[in-house]
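K.L.:
Here it is, the structure in full.
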Amino acid sequence: MIQISALPAFTDNYIWLLQDHRSQCCAVVDPGDAAPVQAWLAQHPQWRLSDILITHHHHDHVGGVETLKHATGATVYGPASENIPGRDVALNDNDRVSVLGWEFEVYAVPGHTLGHIAYYHHGLLFCGDTLFAAGCGRLFEGTPQQMHDSLSRLAALPEDTLVYCTHEYTLSNLRFAVAVEPDNRHIAERLEKVSQLRQAGRMSLPSTLALEKLTNPFLRTGVTSVKEKIDERNGLDNRAPSEVFAALRAWKDKF
């Protein structure tokens with residue numbers, strides 16, 4: 001049985017910790033800072049860090065990799081087309097990798113960065129900064145079309161898939177979602193729930209794809225109300241969902 005928990009880092013990052021209770025080996029996803037992982041390992045000396053999974057090259061996702069690898073000998077997996085410190089296994093689209101006895105499928109999801117990848121095991125998605133709870137990552141390197149295609153690919157996974165993204169952005173994302181769809185009761189209900197969670201100091205993750213499809217405007221670019229809102233804002237007839245996405249992302253960047 002593998003247990004998944006979060007190690008908070010910086011102001012709003014989560015480093016995901018996967019624990020295999022049979023082997024007492026563990027893995028982490030996107031350790032931007034080594035300190036939270038080292039602290040956890042020091043408190044749990046019976047556990048061994050065996051694997052490090054990386055989604056993309058940004059420092060807040062890779063900053064702790066080399067320190068952790070040097071201290072533990074963990075195997076580092078990361079996208080083949082990006083400069084990942086300490087990487088042992090370079091991953092491309094549709095590769096498969098076995099970690100803690102679980103087989104993960106690797107999905108290329110360019111947009112936030114060009115080489116960004118996600119890891120999927122039935123029911124679980126570690127998607128870095130591509131899909132957020134109620135939002136998506138900024139387009140630092142890729143095009144709106146690339147990000148729209150990447151999100152569409154993730155949205156096609158089973159609806160009960162748990163979404164483990166790496167930032168606590170849910171509250172601000174939902175405030176934007178309300179601006180896009182003020183009459184969407186699912187968004188209003190989620191905003192109220194997440195507000196209560198955050199006030200209590202609790203995390204809002206993981207999400208599910210089913211919930212994202214109801215409340216995440218970036219997965220709802222084909223919905224009439226979303227298209228009409230965007231058309232109204234920029235005075236255009238955005239015919240393709242990717243055009244709606246591009247206008248949504250540009251609006252969110254200034255929101």
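None of the figures in this text is laboratory data; all of them are computed from the coordinates on show. All of these numbers come straight from a predicted model, not from anything done at the bench. Quick reminder, even Gly has a Cβ in these numbers, built from the backbone with ideal geometry, and neighbours come from all protein chains shown.
K.L.:
Give me, ordered by chain and number, the residues 5 or more places off Thr55 or on other chains with an amide H under 5 Å from its own placed amide H.
P.N.:
Asp30
K.L.:
Further question: Averaged over every viewing direction, what's the projected area of the C-alpha convex hull for segment 1-75? Give it in nm², one decimal, please.
P.N.:
4.6
K.L.:
Please report the relative contact order for the chain, taking Cα pairs under 8 Å with a sequence separation of at least 6, and give it as a percent rounded to a whole number. Display every interim value, and only then the final one.
P.N.:
On the way: 515 pairs, mean separation 32.3, N = 255.
Once normalised by length, the contact order is 13 percent.
K.L.:
For Asp95, which sequence-distant residues (separation of 5 or more, or a different chain) have an amide H within less than 5 Å of its own amide H, given hydrogens modelled in the peptide plane?
P.N.:
Distant-sequence amide H within range of Asp95: Val106.
K.L.:
Now for a different question. Expressed as a rounded percentage, what relative contact order does segment 170-253 have, with Cα pairs under 8 Å and six or more residues apart?
P.N.:
Numbers: 64 pairs, mean separation 21.9, N = 84.
Worked out over segment 170-253, it gives 26 percent.
K.L.:
So which trypsin sites (Lys or Arg not before Pro) in segment 1-75 end up in coil per DSSP with only 15 or fewer other C-beta atoms within 10 Å?
P.N.:
Arg22
K.L.:
Across segment 136-145, in residue order, what do the Karplus-derived ³J(HN,Hα) couplings come to in whole Hz, using 6.51 cos²θ - 1.76 cosθ + 1.60 with θ = phi - 60° and x for Gly and Pro?
P.N.:
8, x, 5, 8, 7, 10, x, 9, x, 4
K.L.:
All other residues with a Cβ under 13 Å from the Cβ of Gly78 taken together, and with Lys, Arg as +1 and Asp, Glu as -1, what is their net charge?
P.N.:
The answer is -4.
K.L.:
Could you tell me how far the Cα centroid of segment 51-93 sits from the Cα centroid of segment 144-181, in Å?
P.N.:
Using only Cα atoms, the two centres lie 24 Å from each other.
K.L.:
Compute the relative contact order of segment 135-208 as a whole-number percentage, counting only Cα pairs closer than 8 Å that sit 6 or more residues apart in sequence. Please report the intermediate quantities before stating the final value.
P.N.:
Working: 41 pairs, mean separation 28.1, N = 74.
For segment 135-208, the relative contact order is 38 percent.
K.L.:
Let me ask you something else. Only helical DSSP H runs with n ≥ 4 go in: add -39500 (n - 2.57) per run for the chain, normalise by residue count and round the 222 nm mean residue ellipticity to 500 deg cm²/dmol. Could you put the intermediate results ahead of the total?
P.N.:
Working: 9 runs with 92 residues, N = 255.
So the helix-based figure for the chain works out to -10500 deg cm²/dmol.
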